[in-house]
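Each reported figure results from applying straightforward, stated rules to the coordinates on display, with no laboratory input. Note that the structure is a prediction, hence the values are computed from the model and not measured. Virtual Cβ from ideal backbone geometry, glycine too; neighbours counted across all protein chains shown.
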Amino acid sequence: MFLHDTALVYGRYLRQSLRSRFALLFGVLTPLLYLLFYGPLLTGLPLGGTGSSWQLLVPGLLLQLGLFGALFAGFTVIMEKGQGVVERMRVTPVSRLALLLGRALRDATVFVFQAVLLVLAALVMGLRAPLPGILIGFAFVALLTLSLAALSYALGMKVRTPQEFGPLINAVSMPSMLLSGLMLPMTLAPGWLDVLSHFVPFRYLVDAVRDAYVGRYTSAHMLYGSLVAVAFTALAVTVGTRVFRTAGA
Amino acid sequence: MAAVISAAGLARTFSTRSGPVEAVRRVDLTVREGEILGLLGPNGAGKTTTLRMLSTLLAPTGGAATVAGHDLAGDPAGVRRVCGYVAQSGGVDPHITAREELVTQGRLYRLSKAEAVARAAELARELSLLDLLDRRTGALSGGQRRRLDIAMALTHRPKVLFLDEPTTGLDPGSRADLWDLVRRLRDEHGTTVFLTTHYLDEADALADRLVVVDRGVVAAEGTPSALKREYGGSPHATLQDTFLAVTGRAPAADAAPASV
């Protein structure tokens, strides 16, 4: 029943995404601009990694795509609350977890699709990375967007207006991006900043994907990144489901 | 007739930044099977909160209720199987066709794909939506959309249908059509209809019995004519005067007990 419900909710929202092809492509624009106009600045710099600058930058851009995109997923649930769609579904016997997971899996699908487009563009720009590493990168994008979308939907259920929602999300997304070293590796940072960045979970994810892109699949970074990603996803889905089960106030 | 809904001491307190707000303080009520019950009350009296509690959308903070034999607190899934609910805002996505919404709704009630398609067609026939099925719901008129909302809520042939201000914003013709529809549901399917309204003519014309809530408690209940006799002073009193007398928003306020 739970799988049936999740597939049903997923299908409904995936059809919704497919109806707006423009929005589907638009999300990739910001990281694409970074790739085109920021990426070339790094090619000659001593960044400290073992691979090329593209192997450092592209993992950061993938997570940036996920971070900025998935955190805003909750906007749609605010609109749907106004339309009464959320309550209409909540009075049916459909699983509460499915209402959340069906939506968040749709988002993960959309962002992995966008991540593929971004990597294709990066290959044209000069990225060379092993295929298993690139696939591992997509897996991290999937987990990150699934969990951030789940949290975003939970927040969307709690707040009343988009005007409350936007500033809250911005307050999370910008520091998260800067403190996790998405644009440049934190190994370049002074000690205090490096220490601070270890309190931001996305730091571990980007380190893991950077290792994957240079073919280091058994490093400590990979282990920590995987653990943080899985734990964060479990936490986010738990929090989200609790909110979907009880929300209404 | 047997009670299909019975609530005792139902209460809901919201905690807000400025302290707790008692939206519903104590609602005791009984709805009989096959009855059309009108829930009246001033803005903020607790009508919608009561409806949302009885339809499992909102957990009560006090009291208990059963809906068609299922305990609200102990078996919310059972309550969901036997009741349909239409919010004041409706509940359809304006970008999706009426057909897709009806079929999805059937699937949410665990019908197979073929069953859901068949049920959507059946509901469309019954609620005169056949020609509108392939329109986006955003392109429907207010009356058409309201019929669609009700069709969605009837997908699983519920015993109890909750309607929150079903005719607010409809033109007079659509309102009359909706009244006919509600009566037909009761007459043909024996559906119990529990609706809230601000329109006293609607309450008068449609409801078998009225429950008036004020400040989160039941202030009066009875048939429209009994309420007019008791609170309005005569069976010929207008429901408007009766309502004002019950809710204490008029000189006759002293006649009204705080709760019944």
### Query
Each label point is 7 Å from the Cα along the Cα-to-Cβ direction; what then is the distance between the points at residue A:174 and residue B:234, in nm?
7.1
### Task
Compute the normalised compactness of region A:1-131: alpha-carbon radius of gyration over 2.2 N^0.38 Å, N being the residue count.
1.31
### Query
To the nearest whole number, what is the average tally of beta carbon atoms from other chains within 10 Å of the beta carbons of peptide B:98-110?
4
### Message
Connecting C-alpha atoms closer than 10 Å in a GNM of chain B, tell me which of B:104, B:49, B:16 has the biggest fluctuation.
### Response
B:16
## Note on the structure
Helix B:98-108: inclination vs chain B longest Cα principal axis, degrees, rounded to 10, gives 80
### Message
Could you identify which residue out of B:99, B:186, B:17 has the top mean-square fluctuation in a GNM of chain B using Cα springs shorter than 10 Å?
### Response
B:17
## Note on the structure
Cα extents of the protein assembly as shown per principal axis, largest first, Å, are 93, 50, 36
### Percent RCO, i.e. relative contact order, over chain A, from Cα pairs under 8 Å lying at least 6 residues apart
28
#### Entry: Number of partner chain Cβ atoms within 10 Å, mean per residue of B:146-155
1
### Message
If neighbour count is taken as other Cβ atoms inside 10 Å, put B:131, A:107, B:241 in order from fewest to most.
### Response
B:131, B:241, A:107
### Query
Share of antiparallel DSSP beta bridges in the protein assembly as shown, in percent to the nearest 5?
55
### Query
Under a plain spin-label model, where a point goes 7 Å from the Cα along Cα-to-Cβ, how far apart in nm are residue B:139 and residue A:124?
3.6
### Query
Of B:16, B:89, B:179, whose Cα points farthest to the positive end of the dipole of chain B (charges on the beta-carbon: +1 Lys, Arg; -1 Asp, Glu; origin at the Cα centre)?
B:16
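Tell me the Kirkwood hydrodynamic radius of region B:3-255 in angstroms, computed as one over the mean inverse distance between distinct C-alpha pairs. Please list the in-between numbers first.
On the way: mean 1/r = 0.0530 Å⁻¹.
This gives a value of 18.9 Å.
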### Query
Using the 10 angstrom Cβ neighbour count as an exposure proxy, how do A:54, A:192 rank, fewest first?
A:192, A:54
### Task
State the Cα centre-to-centre distance between region A:83-105 and region A:182-213 in whole Å.
36
### Task
Would you mind listing how long region A:89-220 runs along its three principal axes, going by Cα atoms, in whole Å with the largest first?
50, 35, 28
### Task
Grab the DSSP H runs of the protein assembly as shown that are 4 residues or longer, score each as -39,500 (n - 2.57), total them, divide by all residues and round the 222 nm result to the nearest 500 deg cm²/dmol.
-17500 deg cm²/dmol
### Task
Shielding by partners for A:76-87, please: the mean number of other protein chain Cβ atoms within 10 Å of each residue's Cβ.
4
### Query
Against the longest principal axis of chain A, how steep is helix A:201-213, in degrees 0 to 90 to the nearest 10, with axes from Cα atoms?
50
### Size of region A:2-246 as Cα extents on the principal axes (Å, biggest first)
58, 37, 34
### Summary
Charge tally for neighbours of residue A:87 with beta carbon under 9 Å away, counting Lys, Arg as +1 and Asp, Glu as -1, is +4
### Message
Test of understanding: in a Gaussian network model of chain A with alpha carbons linked when under 10 Å, which of A:93, A:40, A:132 would top the mean-square fluctuation ranking?
### Response
A:93
### Nearby aspartates and glutamates by direct alpha-carbon distance to residue A:158 (threshold 14 angstrom, same-chain neighbours under 8 apart not counted)
A:80, A:87
### Query
Taking Cα atoms, how many degrees apart are the long axis of helix A:162-179 and the longest axis of chain A, rounded to 10 and kept between 0 and 90?
20
### Distance in nm between pseudo-label sites at residue B:201 and residue A:26 (7 Å out along the Cβ direction from Cα)
4.5
### Task
Note the full-extension length gain between residue B:189 and residue B:208 as 0.36 nm times their separation in residues minus their Cα-Cα distance, in nm to one decimal.
5.2 nm
